[in-house]
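Below are the structure tokens for one structure; questions will follow.
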Amino acid sequence: MGYIKVDNQKVTKAIAEELKNICPFNAFEYVDEYLSINANCRICKLCVKKGPKGVCEFIDESKPKIDKQAYKGITVYMEQKDNICHPVGFELIGKAKEIKEKTNEKVYALLIGYQTEQMVESCLKYGVDGVFVYDDEAYKDFHIETYTNVIESFYKKHQVNVILFGSTPRGRSFAPRVAARLKTGLTADCTKLDMTEEGDLLQIRPAFGGNIMAKINTPNHRPQLATIRYKMFNKPEVIEPFGVVYHEDTKDINKEKHTTLVEVINKKTSHDISDAEVIIAVGRAFKKEKDLELIEPLRQKLNAVVACTRPLIENGWFPPQYQIGLSGRTVKPKLLINLGISGSVHFIEGMKESELIISVNNDEHCKLFDHSHYAIKGDIYEVIPKLNDLLTKMGVMKDV
Ligand SMILES: Cc1cc2nc3c(=O)[nH]c(=O)nc-3n(C[C@H](O)[C@H](O)[C@H](O)COP(=O)(O)OP(=O)(O)OC[C@H]3O[C@@H](n4cnc5c(N)ncnc54)[C@H](O)[C@@H]3O)c2cc1C
């Protein structure tokens, strides 16, 4: 593929007329002394071959513009707060170690902060080949301008192939700024990643309302950037560290800020369903909000967190942070019990990696059954009390 580029510096009215006469598709428009090419262009290249020399040029986009061998290394940006790394970073290290097999690249962690020693240790124990550390008091708190300057400086020096970010609220605002600064592409909210032998990162994510899985790559630009949700991948095994720590000099990196951080006010922490080990997920089968009381004994027995599908958020029955799915949270509990949920792709993408999935639905053809380890066909209003009785009889849990 490619396109025709016009050098307007060389275009006069006469040249514009000449090109208009050459083009069999009426693709040239000359307005306000500016010659442009419209959508009629079929890239027949007659204007290049027969037109005045040097005015029209064919830009061939199929030829690789970059030497892919010159860019090596999969880097995980380790988001941190109060010197504690967000666990999504370790999950991304795990995935990076898997996908590097095809290109035999090294896996790096990139840490920006102040007094980072403990975080460096935690990255090393997950088996990275190296940790790049930008440790400076100026980086104590996250600041998008200074942190972007650091990544720019890191990339200019090390020319890595890939930089991965967690799809956290911070990662979602930071990664696009980094992409713009480095003039490269970014795929947000990937659910899968893979690598070609040429080093192209395959960034896979649901698209068009979840109806297709899009496989996106960045063939002509480096670095390749992607954000990935928390709980999509597993943390790697902890191993004997072997990686190298690179303490980078920060003195020449621009630390100028156009905004000043006055104070950090931490939000009241609420239970994050992404971290729950046992979840009872409820869907539209519940006819009234009051009916949710039915699950309370079961919830207490299993010490579960209750989460829900999107319609229940829309009903105002739950705050948004309790929604599982593509536009909610991704969960990976040890046990997930789904009650009266149909299994739209939007919901399934947020829970399919759970360790044990039990679903209850009165429709034996419901899609969620295909993604469940155990399927119970029945009315939730009958099955829930039975499940509760069963647990009591088994004596596994104390009754409430
Ligand atoms: C862009 C986009 C993003 C979205 N993101 C999300 C998301 O992140 N999370 C999400 O959940 N949804 C999301 N949705 C909405 C999603 O498409 C579905 O509409 C939603 O998941 C359906 O919720 P549900 O399964 O509770 O309801 P329904 O689809 O109505 O399913 C209810 C199920 O309960 C069963 N049932 C009914 N009565 C009983 C009973 N008495 N006993 C047993 N079973 C019974 C029915 O057979 C049915 O299978 C999104 C939609 C769009 C367009």
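Every read-out reported here was derived from the displayed coordinates using simple, explicitly stated rules and does not represent laboratory data. Predicted, not measured: the structure shown is a model, and the values here were computed from it. So basically every Cβ, Gly included, is an ideal-geometry build from the backbone, and we count neighbours across all protein chains shown.
Among the Cys residues of the chain, which have no other cysteine Cβ under 4.7 angstrom away?
Cys23, Cys41, Cys44, Cys85, Cys123, Cys190, Cys308, Cys366 - these cysteines have no disulfide-compatible partner (Cβ-Cβ under 4.7 Å) in the chain.
Using θ = phi - 60° and the Karplus curve 6.51 cos²θ - 1.76 cosθ + 1.60, what whole-Hz ³J(HN,Hα) does each residue of the range 135-151 get, with Gly and Pro shown as x?
These are the phi-based 3J(HN,Hα) values: 10, 7, 4, 5, 9, 4, 10, 4, 9, 4, 5, 5, 5, 5, 4, 5, 5 Hz.
For q values of 0.20, 0.23, 0.27 Å⁻¹, compute log₁₀ I(q)/I(0) with the Debye formula on a Cα-only model of the range 75-157, without solvent.
-0.88, -1.12, -1.38
Specify which residue in the list Ile22, Gly395, Pro297 is farthest towards the positive end of the charge dipole of the chain, using unit charges on the beta carbon of Lys, Arg (+1) and Asp, Glu (-1), about the Cα centre.
It is Ile22, whose Cα lies furthest towards the positive end.
Any idea what the relative contact order of the chain is, in percent, if you count C-alpha pairs under 8 Å spaced at least 6 apart?
Numbers: 775 pairs, mean separation 47.5, N = 400.
Value for the chain: 12 percent.
A further question follows. Determine the shape class of the range 68-247: with a ≥ b ≥ c the square roots of the Cα gyration tensor eigenvalues, call it rounded for a/c under 1.5, and otherwise prolate if a/b is greater than b/c, oblate otherwise. Please list the in-between numbers first.
Numbers: a/c = 1.41, a/b = 1.29, b/c = 1.09.
Rounded is the answer for the range 68-247, as its axis ratio a/c remains below 1.5.
For the range 2-60, what percent of Cα pairs sit more than 18 Å apart?
When every Cα pair of the range 2-60 is considered, 18 percent fall beyond 18 Å.
On to the next question. Normalised by the residues of the range 2-60, what does the relative contact order come to in percent, with Cα pairs under 8 Å and at least six apart?
Dividing the mean separation by the residue count of the range 2-60 yields 47 percent.
What does the charge count around Met1 come to, taking other residues whose C-beta lies under 10 Å from its C-beta (Lys +1, Arg +1, Asp -1, Glu -1)?
-2
Of the peptides 287-294, 342-349, how do they stack up when ordered by the mean number of other Cβ atoms within 10 Å, highest first?
Those peptides, ordered most packed to least, come out 342-349, 287-294.
Using amide H atoms built 1.01 Å from N in the peptide plane, name the residues 5+ places from Val131, or on other chains, whose amide H lies under 5 Å from its own.
Placed amide hydrogens put Ala109, Val244, Val245, Tyr246 under 5 Å from Val131.
I've got another one for you. Around Tyr114, under 13 Å between beta carbons, what's the net of Lys plus Arg minus Asp minus Glu among the other residues?
It works out to a net charge of -3.
In degrees between 0 and 90, to the nearest 10, how far off the longest principal axis of the chain does helix 380-394 point, with axes built from Cα atoms?
60 degrees
Once you list every other residue whose beta carbon is under 14 Å from the beta carbon of Ser173, what net charge do they have if Lys and Arg are +1 and Asp and Glu are -1? Don't jump to the answer; show the numbers that get you there.
On the way: positive: Arg170, Arg172, Arg177, Arg181; negative: Glu79, Glu145, Asp189.
Overall, the nearby charge balance is +1.
Specify the angular offset, from 0 to 90 degrees and rounded to the nearest 10, of the alpha carbon long axis of helix 13-22 from the longest principal axis of the alpha carbons in the chain.
For helix 13-22, the angle is close to 70 degrees.
For the range 273-394, with only Lys/Arg (+1) and Asp/Glu (-1) charged at the beta-carbon, what is the dipole magnitude about the Cα centre, in debye rounded to 20?
Its charge dipole is roughly 80 debye.
On a straight-distance basis, which aspartates and glutamates could pair with Lys287 in a cross-link, Cα separation under 18 angstrom, same-chain partners fewer than 8 positions away excluded?
Glu296, Glu314, Asp363, Asp379, Glu382
Turning to a different aspect of this structure: Could you check the simple spin-label distance between Thr12 and Ala207, using points 7 Å along Cα→Cβ, in nm with one decimal?
It is 4.6 nm.
Anything over 31 Å Cα to Cα? Flag those among Lys192/Lys290; Lys100/Lys367; Lys231/Lys257; Lys235/Lys267; Lys183/Lys215, in the order listed. Write down the numbers at each step before the final one.
Working: Lys192/Lys290 38 Å; Lys100/Lys367 34 Å; Lys231/Lys257 33 Å; Lys235/Lys267 27 Å; Lys183/Lys215 21 Å.
Over 31 Å apart, Cα to Cα: Lys192/Lys290; Lys100/Lys367; Lys231/Lys257.
For the range 273-394, what does the alpha-carbon gyration tensor say about shape, rounded, prolate or oblate, given a ≥ b ≥ c as the root eigenvalues, a/c under 1.5 as rounded, and a/b over b/c as prolate?
In terms of gyration-tensor shape, rounded.
Can you compute the helix-only [θ] at 222 nm over the chain? Use -39500 (n - 2.57) per DSSP H run of at least 4 residues, normalise by all residues, nearest 500 deg cm²/dmol.
-7000 deg cm²/dmol
Something else about it: Through the Karplus equation 6.51 cos²θ - 1.76 cosθ + 1.60, θ set to phi - 60°, convert the phi angles of the range 276-286 into ³J(HN,Hα) values in whole Hz; use x for Gly and Pro.
Rounded to whole hertz, the list is 6, 8, 10, 10, 9, 9, 10, x, 5, 5, 6.
Normalised by the number of residues in the range 280-400, what is the relative contact order in percent for Cα pairs under 8 Å and 6+ residues apart? Don't skip to the end; give the middle numbers.
Values: 212 pairs, mean separation 29.2, N = 121.
That works out to 24 percent.
For the chain, set up a GNM with springs between Cα atoms under 10 Å and report which of Ile376, Ile273, Ile15 has the largest fluctuation.
Sorting by GNM fluctuation, first place goes to Ile15.
Let me ask another. Search the structure for amide H atoms under 5 Å from the amide H of Thr187, placed 1.01 Å from N in the peptide plane, and list their residues when 5 or more places away or on another chain.
Distant-sequence amide H within range of Thr187: Leu225, Ala226, Thr227.
Starting from the amide H of Ala307, placed 1.01 Å from N in the peptide plane, find each other amide H under 5 Å away whose residue is 5 or more places distant or on another chain.
Long-range HN contacts for Ala307: Ile280, Ala281, Val282.
A further question on this structure: Can you run phi through the Karplus equation (6.51, -1.76, 1.60; θ = phi - 60°) for the range 89-95 and list ³J(HN,Hα) in whole Hz, with x for Gly and Pro?
Residue by residue, the range 89-95 yields x, 5, 4, 5, 4, x, 5 Hz.
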